[in-house]
């Protein structure tokens, strides 16, 4: 089978690697790819926003499956065009269904209507209303930009001043802002493959590290590291998330006339009142995909085909731990400083999932985005995997503070 992966980040590089392992895989294309992808033919002359040209390319190259990685093309209706105009098989929800990620207000309203556990919240359309409400609330409190923000549209405000500044940063007039209670507890990420009323939850969970600096300090990012599986969170809480959140959400989407086909990412938290929803995303997480797909033993293409036909399918994963440490460009997540040199020894390049590095020589790259590369460590224990990851990180050369990384990925597991 021929496949086309849409996206240029580390998540898409991991998807390509998983597809390449499939016994059903023939030719793999990736739009636009990056300099770390070696298993696919990179298509660089089509813009991701040109849906018609993408469809024409897929048709002309006899693509059997299109796998859309990032949230932006989903929210812009790429699936609608590829399915509607070109009759292609696409793994990734249509624009309407992608609102599960692209609109926090939409998803909150759905959860409220169907009594799905989440934080209490209010949605405001004006800056003045948001600020007036904040003057009546307790702290900490959470502000969420309604639309897409590359994982950086959330502010946890501990004081009124922080909250008011947060409104200015996240909300424009006539734009929705969700303000919700702060939930305290252990967070985890659960990926679920969904086709209408059928869903397949991953049998292992991951734990992302959103804050920029050690000790969960600093601004929110798209993710500074991740590990899986997460053993210290008991299985009963994962089961509770499936039964009380995922299944009711799938049923609610069907009741609302949605025909969801793709990944539904649940960001969940274990609170004193049970497991609750932090957020939903309409695609694989990044960097979660890099560790979860590394651990996956199931044939990804076969899983997609079975899901398409609503056949019963179980996902299998290697009995091992994987820790991923993200190297981010200087000044990320504000305005990353780009063009700095990073040298990755050939001996560890297979364990480095590149997202934003441009190759200038065999082992030499320059930074070309905020989050540059996720370094994977593996082991029979979480301790061994963490040690392995940081040993590899230490082999990467860069000048001064061209990139930075957290030193405590996986700390909650200890």
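The values are calculated or read from the model by the stated rules, or taken from the named source; none is laboratory data. If you're wondering where the values come from, they're calculated on a predicted model, not measured in any experiment. Every residue, glycine as well, gets a Cβ built from its backbone with ideal geometry; the counts of neighbours run over all protein chains shown.
Would you pick out the residues in the range 27-42 that are in contact with a strand residue (DSSP E or B) (Cβ under 8 Å, 6 or more places away or on another chain) and in a loop (DSSP other than H, G, I, E, B)? Within the range 27-42, 27, 33, 34, 35, 36, 37, 39, 40 meet the criteria. Report yes if some residue within the range 329-350 is touching a residue at least 12 places away in the same chain (Cβ under 8 Å), under 19 Å from residue 206 (Cβ atoms) and touching a helix residue (DSSP H, G or I) at 6+ places or on another chain (Cβ under 6 Å); otherwise report no. Scanning the range 329-350, I find no residue that is touching a residue at least 12 places away in the same chain (Cβ under 8 Å), under 19 Å from residue 206 (Cβ atoms) and touching a helix residue (DSSP H, G or I) at 6+ places or on another chain (Cβ under 6 Å), so the answer is no. Scanning the range 66-107 for residues that are in a strand (DSSP E or B) and buried (at least 23 other Cβ atoms within 10 Å of the Cβ) gives 66, 67, 68, 90, 91.
Quick check on residue 133: is it closer than 22 Å to residue 248 by Cα and either out of contact with any helix residue (DSSP H, G or I) (no Cβ under 8 Å at 6 or more places or on another chain) or not assigned by TED's automatic domain parsing to the domain that holds residue 289 (or both)? Taking the combined requirement at face value, the residue does not satisfy it.
Scanning the range 38-51 for residues that are surrounded by 14 or more Cβ atoms within 10 Å (Cβ to Cβ), without any contact (Cβ under 8 Å) to a residue 40 or more places away in the chain and in contact with a helix residue (DSSP H, G or I) (Cβ under 8 Å, 6 or more places away or on another chain) yields a count of 5. The residues on offer are 252, 268, and the sole one that is assigned by TED's automatic domain parsing to the domain that holds residue 203, touching a residue at least 40 places away in the same chain (Cβ under 8 Å) and outside any strand (DSSP E or B) is 252. Within the bounds of the range 208-225, is there any residue that is touching a helix residue (DSSP H, G or I) at 6+ places or on another chain (Cβ under 6 Å), part of a loop (DSSP other than H, G, I, E, B) and in contact (Cβ under 8 Å) with a residue 12 or more places away in the chain? The answer is no, given that none of the residues of the range 208-225 is touching a helix residue (DSSP H, G or I) at 6+ places or on another chain (Cβ under 6 Å), part of a loop (DSSP other than H, G, I, E, B) and in contact (Cβ under 8 Å) with a residue 12 or more places away in the chain. The residues of the range 290-308 that are closer than 24 Å to residue 354 by Cβ and either assigned to a loop (DSSP other than H, G, I, E, B) or free of Cβ contacts under 8 Å to residues at least 12 places away in the same chain (or both) amount to a single one, 297. Entry remark, the range 53-65: residues being surrounded by fewer than 18 Cβ atoms within 10 Å (Cβ to Cβ) and in contact with a helix residue (DSSP H, G or I) (Cβ under 6 Å, 6 or more places away or on another chain) number 1 in total.
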